[in-house]
Amino acid sequence: MFDLIIRNANLPDGRQGMDIGLSGGKIAAIEKGLAASAGEEIDATGRLVSPPFCDPHFHMDATLSLGLPRMNVSGTLLEGIALWGELRPMLTKEALVDRALRYCDLAVSQGLLFIRSHIDTSDPRLVTAEALIEVRDRVAPYITLQLVAFPQDGYYRTAEGEKSLERALDMGLDIVGGIPHFERTMDDGRRSLEALCRIAAERGLPVDIHCDETDDPMSRHIETLAAETVRHGLQGRVAGSHLTSMHSMDNYYVSKLIPLMAEAKINVIPNPLINIMLQGRHDTYPKRRGMTRVRELMDAGLNVSFGQDCTMDPWYSMGSADMLEVGHMAIHVAQMGGIEDKKKIFEALTVNSAKTMGLEGYGLEVGCNADLIVLQAADVVEALRLKPTRLLVLKGGKVISRSAPRIGELFLEGRPKNIDPGLDYVPAAR
């Protein structure tokens with residue numbers, strides 16, 4: 001007897017027509033024609049069932065603040081940072097909590113149940129940390145929210161940057177962050193990474209660095225991050241986010257750099273939507289798009305996962321908590337349009353991101369947590385093409401979000417009455 005059985009489900013690994021038995025908040029069985037009963041049964045009707053999406057790089061303290069105190073007219077990274085600096089003194093705990101909870105509501109409806117958010121620690125009031133710790137606790141029953149202590153204005157460049165970061169970690173933030181390319185000098189950037197990795201090692205915490213988010217091919221802090229990771233024995237616990245300078249680096253240097261990153265087991269987090277929006281702003285034509293070397297990094301065996309980064313904030317006026325939108329853009333920018341490529345992209349939104357975040361019990365195997373989503377698509381390739389409706393979102397085996405399928409009704413003589421984009425247009429080559 002199961003609590004719930006999802007029948008006739010297609011799985012991300014290509015298995016079709018599978019039944020998934022859930023019991024006690026866990027996946028208890030996965031097989032065809034599961035001969036059992038349950039308190040409730042759901043017919044997936046040949047649609048994709050997947051673990052929930054994970055976002056390993058986001059800024060929840062800034063989300064939904066678009067237009068406060070004004071719009072980013074140039075649309076650049078630096079004006080966004082300046083705008084955030086104007087807004088920061090006006091931030092209140094109440095407003096931060098409200099915006100973050102509203103975003104989390106949207107995330108649940110999109111099947112996004114695991115988020116790592118960078119929290120700006122540059123303001124010594126640390127109202128951002130206080131607010132997001134409260135949000136982390138409030139959403140814990142349905143969203144796992146990891147918080148990064150992030151010195152947005154620089155660990156050394158900010159007057160009280162060092163003390164504020166330590167205080168934020170003492171308050172209970174989970175991860176050590178940094179932004180070496182925004183320090184005053186390249187040497188200050190190097191020193192900041194040495195200090196931040198030492199702090200993480202002493203506290204037993206992971207590290208997630210905004211690293212080389214620039215078009216400058218000489219911004220090579222990822223090299224220092226890899227070296228410090230090995231020095232402190234942090235392999236597998238360190239993430240390099242953005243890494244957009246790799247887009248512009250000399251190929252010979254990259255041929256040396258990628259093996260160093262692999263030795264350190266760096267987790268790589270590109271942010272396709274934001275990277276291509278903010279990079280290349282000093283170019284005329286040819287114009288660089290700025291996303292890091294996704295295919296080469298994957299081929300070298302590094303764990304690559306994708307982040308959304310921003311939604312309706314000073315840096316990005318769009319966004320919808322939809323990780324498939326992130327993957328859809330990654331396919332285009334990385335030029336990874338093959339079927340096997342798309343499978344790797346989907347993994348970068350799910351299992352790879354779960355690995356980056358160190359999640360336990362995540363996945364679609366017997367014994368994993370019964371956290372699942374049912375999508376209006378036949379498989380992962382179609383999911384990335386369509387960015388389909390999340391029909392059901394389950395946490396611990398219980399439905400926490402339900403959306404009606406997108407069905408088009410036609411009034412055309414001799415043509416079908418209804419169109420289901422998730423099942424009616426599945427290509428022969430899958």
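The values are calculated or read from the model by the stated rules, or taken from the named source; none is laboratory data. Everything numeric here is computed off the predicted structure, so don't read it as measured data. Here Cβ is always computed from backbone atoms with ideal geometry, including for glycine, and neighbour counts include all displayed protein chains. These area figures cover heavy atoms from the full protein model, side chains too; ligands, DNA and RNA do not enter into them. Shrake-Rupley method; radii C 1.70, N 1.55, O 1.52, S 1.80 Å.
Remarks
- When +1 charges are put on Lys and Arg Cβ atoms and -1 charges on Asp and Glu Cβ atoms, the dipole computed for the range 119-201 relative to its Cα centre reaches about 100 debye.
- Label of the coordinate-derived value, Kirkwood radius over Cα pairs in Å, listed as [x] 22.3; [y] 23.2; [z] 32.9: [x]
- Between ILE339 and GLN16, the modelled label-to-label distance comes to 1.1 nm, taking each label 7 Å out from Cα in the direction of the beta carbon.
- In the elastic network of the chain, a GNM with C-alpha springs shorter than 10 Å, the most mobile of GLN110, GLN308, GLN235 is GLN235.
- Per residue, the convex hull spanned by the Cα atoms of the range 145-245 measures out at 89 cubic angstrom.
- Of the trypsin sites (Lys or Arg not before Pro) found in the range 117-164, the ones in coil according to DSSP and having at most 15 other Cβ atoms within 10 Å of their Cβ are ARG125.
- Rounded accessible area of GLU365 (nearest 10 Å², 1.4 Å probe): 100
- Rounded to two decimals, the Cα-based Rg/Rh of the range 303-422, with Kirkwood Rh, is 1.02.
- Between the helical axis of 339-349 and the longest alpha-carbon principal axis of the chain there is an angle of about 60 degrees.
- Only Lys, Arg (+1) and Asp, Glu (-1) charged, at Cβ; the chain dipole about Cα centre in debye: 500
- Farthest positive-ward along the chain dipole, Cα basis, beta-carbon charges - from LEU364, SER65, THR244: LEU364
- A simple spin-label model places pseudo-atoms 7 Å from Cα toward Cβ; at LYS398 and ASP187 they are separated by 5.8 nm.
- Loop-located trypsin sites (Lys or Arg not before Pro) in the range 1-72 (DSSP state not H, G, I, E or B) with no more than 11 neighbouring Cβ atoms inside 10 Å: LYS32, ARG70.
- Between the residues PRO286, SER353, GLY233, the greatest Cα displacement towards the positive end of the dipole of the range 214-371, with unit charges on the Cβ of Lys, Arg, Asp and Glu, is found for PRO286.
- On the beta carbon distance between ASP98 and VAL426, with R0 = 45 Å, the FRET formula returns roughly 0.60.
- Residue-normalised accessible area of the chain, given per residue in Å² at a 1.4 Å probe: 40
- Estimated FRET transfer efficiency (PHE411, CYS368; beta-carbon r; R0 41 Å; 0.05): 0.35
- Rounded to 10°, Cα long-axis angle of helix 251-264 versus longest principal axis of the chain: 70
- Beta bridges per DSSP with both ends in the chain, % antiparallel, nearest 5: 40
- Inter-centroid distance (Cα atoms) of the range 397-430 relative to the range 192-230, Å: 46
- Computed from the Cα positions only, the extents of the range 33-102 along the three principal axes stand at 61, 28, 18 Å, in decreasing order.
- Expressed as a whole percent, the accessible area of the range 34-188 that falls on carbon and sulfur atoms is 53 (1.4 Å probe).
- Value of [θ]222 nm, deg cm²/dmol, for the chain, DSSP H segments ≥ 4, -39500 (n - 2.57) each, nearest 500: -10000 deg cm²/dmol
- Choice from LEU145, LEU87, LEU324 showing the highest fluctuation, given a GNM over the chain with Cα pairs closer than 10 Å: LEU87
- Cut-off 14 Å between beta-carbons: net charge of the residues surrounding SER320, Lys and Arg +1, Asp and Glu -1: -3
- One Cα centroid belongs to the range 342-366, the other to the range 60-114; the line between them spans 27 Å.
- About the Cα centre, charge dipole magnitude for the range 135-261 (Lys/Arg +1, Asp/Glu -1 at Cβ), debye: 320
- Candidates ASN418, ASN275, ASN72: whichever shows maximal mean-square fluctuation once the chain is modelled as a Gaussian network with Cα springs under 10 Å: ASN418
- Label-to-label distance for ARG125 and LYS163 is 1.8 nm, based on points extended 7 Å past Cα in the beta-carbon direction.
- Where both bridge residues fall in the range 1-124, DSSP classifies roughly 45% of the beta bridges as antiparallel.
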